[in-house]
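Here is the structure we will look at.
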Amino acid sequence: MAYSNKIAEMLANASETDKVEFAHFLANNLDSAEQSRDGARVRDYVAAFDRFAAPKQGEEF
């Protein structure tokens, strides 16, 4: 079965560099100035992308 969620599919296929760049974009635009400079916050975003992109039961890459 293919992905039904295009965002998950795109995150699954994105490079780590692309995910980090997107995480920085989100941190800069959604978090407070103090949080956006926090490297741990960016890593949390990238980890969340990876969890969201993980195939669900019955889905395949």
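List of remarks:
- Single unsatisfied condition, Glu34 versus (1) modelled with pLDDT of 80 or more; (2) of a type in the set (Asp, Glu); (3) loosely packed, with under 15 Cβ neighbours inside 10 Å: (1)
- Members of the stretch 12-29 found to be among the polar types (S, T, N, Q) and either open to solvent by 60 Å² or more (accessible area, probe 1.4 Å) or at pLDDT below 95 (or both), listed by number: Asn13, Thr17, Asn28, Asn29
The values are calculated or read from the model by the stated rules, or taken from the named source; none is laboratory data. Given the structure is predicted, the values throughout are model-derived calculations rather than measurements. Reconstructed Cβ throughout: ideal geometry from the backbone, glycine too, with neighbour counts over all protein chains shown. Ligands, DNA and RNA are excluded from the accessible area calculation, which covers all protein heavy atoms including side chains. Shrake-Rupley method; radii C 1.70, N 1.55, O 1.52, S 1.80 Å.
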